Structures are given as C-alpha cells and as structure tokens.
Amino acid sequence: NPRLKLDLGYEHNEFKRDSSLTVAQGGSQNHVKLNADNIHLGLGWEANDQWTIRAGADMINMSGHWDPSGAYNQFATLVNSTDFKNIDVQQTIPFIGFDYDMSANTQWTMDFRYYDTKDNVDAATFANFQQGGAPQTAGNTTDGYTMHPFSWYGWQVTTQFKLKF
C-alpha cells in the first residue's frame, strides 16, 4: 500500500555520418548529424486488484540535420551548405489511461495521449524555400499544420483487449 508504481526513463541517441560530397553531389542528403533525447515519467496506481490508473508524460527533443529523401536539396544549393539544421523538434505527450483486469485471462486497456509538437527551426530561414513548387511563407498555417512538417498537435486514443487461452 498505497500500491503506486513510478516509471522513470531517459534515453539519448546520436546519429552521425560526415560527408565529403558537395552540395551538387547530394551532400545534404548524405550528411547526418541528429541528436535525440527521450524522457519518460509515469505513475501507476492500483486502485484494487482489477483496476490500475496510469498517468504521466513523455518528452522528446530532436535536433540536427537529416534529409535522406533530398527534400531540402534546393535549399542546400541556395545556401551552399550540406549541414544546416533542418530539424529542431520538441514533443510533449501527457497521457492518462487504465488497465482493467476483467478476469484472470482477460484484460482491457485504454490510453488517452495529447501530442504537442513544436518545430523550433527558424521559420525565416526557410521562408523563401519552395517545396513541391509551392512557396512557403511564415504565415502559411492552418489548424494542426504549419510550414514545417513536424509542427502539429492532436489527440490519440488507443485501446487493447487481451485474451489469454
């Protein structure tokens, strides 16, 4: 008692590949320098032998250069660089959920997560960059979307039903 479970986690990853290729040879696509930090904080409470309530948050920070598809080749040519920062994302994901043990062999779980993803790459840097033939401007936004493909927000609801036999 009080039947609490605390989950803490931290993970750091570095992805790096230097490139001697020039901009014209696709050096921006070949060059990789990406750092990712993940933090997890969770708290679970066993209300009784059947119900567990869970809540917490996940936080992810990712920044650096990664362009495997060549989406930024035109920009690389414009600035004559292969190692500019095109990713600088912060994502916060608070969550709440439950586990319900319906019987010894049957469990139902449900989670509610809110993803809040912010792209911190300076919008002015890419303001005149044309992607797919359409000019991108700092004011080009609609609900849930900005000019950077990694800025977005939204809900995720997941459920799972487990049956052991």
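Roughly speaking, what is the stretch gain from N80 to L41, that is 0.36 nm per residue apart minus the C-alpha to C-alpha distance, in nm to one decimal?
Contour length minus Cα-Cα distance gives 9.9 nm.
Please report, in debye to the nearest 20, how large the charge dipole of the stretch 1-75 is about its Cα centre when each Lys and Arg carries +1 at its beta carbon and each Asp and Glu carries -1 there.
Charge dipole, the stretch 1-75, about its Cα centre: 80 debye, nearest 20.
What are the lysines whose alpha-carbon lies under 23 Å from the alpha-carbon of K162, with same-chain residues fewer than 8 places away excluded?
K5
Could you pull out every one of the lysines with an alpha carbon less than 22 Å from that of K85, ignoring same-chain neighbours closer than 8 positions?
K16, K33, K118
The numbers here are math on the coordinates, done by the rules we state, and not lab data. The structure presented is a predicted model; accordingly, all values stated were derived computationally and were not measured. Methodologically, a virtual Cβ is constructed for each residue, glycine included, from the backbone with ideal geometry; neighbour enumeration extends over all protein chains shown.
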